[in-house]
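Working notes, structure below.
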Amino acid sequence: MTTTLDFKPKFFDTLKSYSKKQFTTDLLAGIIVGIVALPLAIAFGIASGVTPEKGIITAIVAGLLVSVLGGSKVQIGGPTGAFIIIIYGIIQQYGFEGLTIATLMAGVFLIMFGVLHLGTIIKYIPYPIVVGFTSGIALTIFTTQIKDLLGLTMESVPSDFIEKWIAYVGALPTIDPWSAAVGVCSVVLIALWPRFTALQFFNSSVLQFLRKLPGSLIAIIVMTVAALLLKQYAGIATIETIGDRFAISNTLPEAQVPELSWEVIKGLVSPAITIAILGAIESLLSATVADGVIGDRHNSNTELIAQGVANLATPLFGGIPATGAIARTMTNINNGGRTPVAGIVHAAVLLLIFLFLMPLAQYIPMACLAGVLVIVAYGMSGWRSFTSIMKNPKSDVIVLWVTFILTVIFDLTIAIEVGLICACLLFMRRMAETTDVKVISDEINPAEEESDFQLGNLEHLTIPEGVEVYEINGPYFFGAGNKFEEIMATLHRGRRPRVRIIRMRKVPFVDSTGIHNLTNLCLMSQKEGIQVVLSGVNPQVQAVLHRAKFDNLVGSDNICSHINIALDRARQLL
């Protein structure tokens, strides 16, 4: 692994050939993305268990740093739905200060991932795990929004998934019809807004700009106005708003460093690693999707370092974990954003809204925000991907369901850990199944040798009396080593050849377990007066055996590069 720092922000590269025309396009895209990010930042902040302004601050700080330092031209950073459950759980257990420390630690881990060039490795996390925990998070987010969506009266909401639904069922008689109407109408409006704006009516130049506005923002504006009118003229005061639950502030916070202690740091290592891994997966996935659309190639290690710096900065200003946001990144691309300048404009737009319009957020109904998150959860669910994986091999289905169930019933930390373990074990089993051992008794079939034979006459390549030939097909690692040992113990039991040839022409690599099993075979054979000869050993495997001093045990003359040579050696030994 190279130690060269792979940190090349795209922002500075794009400035070399930046034009006024591109700035105009980036400016428009940045303004639209900023408007799109506003309701999501507020909703994600509240759902995570913090105040709405903390969600916006996260979008401002992370959005700026990810665009300036990132390895993608179009990536938009900020709070995302994937972190809601993790953040909420950390706050419940460690408080907001614990979340701040965990986010700082996650930032350090992300920077380490980038410095150690792990950007490409993280992308190899099995797809069923990604779909499993994403779908699980989506279901969990939906579950957490039922109370606000229906306006249920509940003293407290249980943290356990099953207990939560039992409590909801028990609280159904307390549904507030007006809040429920706001919530349901918000969901319907957001879902139908793209179809509505596709009508011929919106083709006029005056209404063209409405096509650019997200349904979530339209729902918030419409439902906020509706709630104010109902309260003012119909006396409906049961619709809870953000201002009823939070004190809204538009004052920029000062940077504060939390008090750190070794005990707290040790307790937060696991959630911090979860934040880092999830942030890395989501940001690199978003950057990869963006690459396919704009025909570019992001620098994954630079992107991880930028995400790490962003997660070091946001908690200092009271923010929450951030990562690359696929929905906002695609909005940026679809509106013409092609350089990091669009992301910087998006952060500036959010800052202006925060400073001058933030007090108006107090009138937004909580049921409307719940409706926004219900749509977010549906988008995250990936049910089409989920159902398609169900048609895949059983190992993929097992990993998918294990990750999904553990995410919903327990938490994402356990889900990712167990999911990775299951995926690794099933992968090792699958790899071991590709390795088999067969016995060649009398004559080697030339039709099976293809180009491996370039020496001798294949028709006369017979196995002498007193010689056994075993062939290993596939990698000889710890998953297959024991399988070979078991086969060797059962095949031809009772027969005692004088020479035992082990063909390894189809063994691409060997690990310590394979060497250990070969050593045991040699020692056992020597006790029985049998000489072991290796055949077809490729240079890489031979180098490994040499470093393990295996050639001292079997004899360097008995490690042959070809079956012809091995058979000649066997005849000499006979």
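The values are calculated or read from the model by the stated rules, or taken from the named source; none is laboratory data. All values reported here derive from a predicted model rather than from experimental measurement. FYI the Cβ positions are ideal-geometry reconstructions off the backbone, even for glycines, and counts take in every protein chain you see. Remember, those area values only see protein heavy atoms, side chains included, never the ligands or the DNA or RNA. Shrake-Rupley method; radii C 1.70, N 1.55, O 1.52, S 1.80 Å.
Here are a few things to note about the model shown:
- Count - residues of the stretch 158-171 that are part of a loop (DSSP other than H, G, I, E, B) and not small (Gly, Ala, Ser): 2
- Residue satisfying all of: in the stretch 304-321; of a type outside the set (A, V, I, L, M, F, W, C) and part of a loop (DSSP other than H, G, I, E, B); nearest to the chain's Cα centre (by Cα) among these: Pro321
- Residue identified as farther than 20 Å from Asp411 by Cα, open to solvent by 10 Å² or more (accessible area, probe 1.4 Å) and either among the small types (Gly, Ala, Ser) or within 21 Å of the chain's Cα centre (by Cα) (or both) among Val74, Val115, Val66, Val36: Val115
- Top-ranked residue in the stretch 248-286 [being among the charged types (D, E, K, R) and assigned to a helix (DSSP H, G or I); ranked as modelled with the lowest pLDDT]: Glu263
Okay, residues lined up against (1) assigned to a helix (DSSP H, G or I); (2) within 24 Å of Gly243 (Cβ to Cβ); (3) touching a Ser or Thr at 6+ places or on another chain (Cβ under 9 Å):
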| residue | (1), (2), (3) |
| --- | --- |
| Leu40 | yes, yes, yes |
| Ala43 | yes, yes, yes |
| Ile46 | yes, yes, no |
| Gly49 | no, yes, no |
| Gly55 | yes, yes, yes |
| Leu65 | yes, no, yes |
| Gly71 | no, no, yes |
| Ile84 | yes, yes, yes |
| Ile87 | yes, yes, yes |
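- Taking residues in the stretch 386-415 that are without any contact (Cβ under 8 Å) to a residue 24 or more places away in the chain, and partners anywhere that are surrounded by 20 or more Cβ atoms within 10 Å (Cβ to Cβ) and aliphatic (A, V, I, L, M), the pairs with Cβ atoms closer than 7 Å and at least 6 places apart or on different chains are Ile414/Leu406.
- Residues of the stretch 527-568 that are part of a helix (DSSP H, G or I), touching a Cys at 6+ places or on another chain (Cβ under 7 Å) and in contact (Cβ under 8 Å) with a residue 40 or more places away in the chain: Ala566 alone.
- Unmet requirement for Asp13, which otherwise passes all of (1) under 29 Å from Ile86 (Cβ atoms); (2) surrounded by fewer than 20 Cβ atoms within 10 Å (Cβ to Cβ); (3) among the acidic types (Asp, Glu): (1)
- Flag if Leu545 is at pLDDT 85 or above and under 30 Å from Leu425 (Cβ atoms): yes
- Count of the stretch 559-574 residues which are farther than 25 Å from Ala548 by Cβ and open to solvent by less than 70 Å² (accessible area, probe 1.4 Å): 3
- The set of residues in the stretch 172-229 that are among the aliphatic types (A, V, I, L, M), in a helix (DSSP H, G or I) and open to solvent by 50 Å² or more (accessible area, probe 1.4 Å) comprises Leu172, Val184, Val188, Ala191, Leu192, Ile221, Val222, Val225, Leu228, Leu229.
- Listed by first and then second residue, the pairs with beta-carbon distance under 7 Å, at least 6 apart or on different chains, first residue in the stretch 247-271 and within 30 Å of Met366 (Cβ to Cβ), second of a type outside the set (Val, Ile, Thr) and part of a loop (DSSP other than H, G, I, E, B), are Pro253/Gly318.
- Residue check for Ile463: open to solvent by less than 60 Å² (accessible area, probe 1.4 Å), over 30 Å from Ser135 (Cα atoms) and modelled with pLDDT under 70: no
- When Leu406, Leu400, Leu373 are checked against the criterion of being of a type outside the set (Phe, Trp, Tyr), in contact with a Leu (Cβ under 9 Å, 6 or more places away or on another chain) and buried (at least 23 other Cβ atoms within 10 Å of the Cβ), a single residue qualifies: Leu373.
- Scoring Ile281 on the criteria (1) open to solvent by less than 40 Å² (accessible area, probe 1.4 Å); (2) among the β-branched types (Val, Ile, Thr); (3) without any contact (Cβ under 8 Å) to a residue 12 or more places away in the chain leaves a single failure, condition (3).
- Considering only residues in the stretch 290-313 that are touching a helix residue (DSSP H, G or I) at 6+ places or on another chain (Cβ under 6 Å) and open to solvent by 50 Å² or more (accessible area, probe 1.4 Å), the one that is nearest to Leu69 (Cα to Cα) turns out to be Leu312.
- Number of positions in the stretch 115-157 that are of a type in the set (Ser, Thr, Tyr) and part of a loop (DSSP other than H, G, I, E, B): 3
- Taking residues in the stretch 505-526 that are within 16 Å of Phe477 (Cβ to Cβ) and open to solvent by less than 40 Å² (accessible area, probe 1.4 Å), and partners anywhere that are among the small types (Gly, Ala, Ser) and at pLDDT 85 or above, the pairs with Cβ atoms closer than 6 Å and at least 6 places apart or on different chains are Ile515/Ala548.
- Hits in the stretch 287-303 (condition: modelled with pLDDT of 90 or more and either of a type in the set (A, V, I, L, M) or in a helix (DSSP H, G or I) (or both)): Ala287, Ala290, Asp291, Ile294, Ser300, Asn301, Thr302, Glu303
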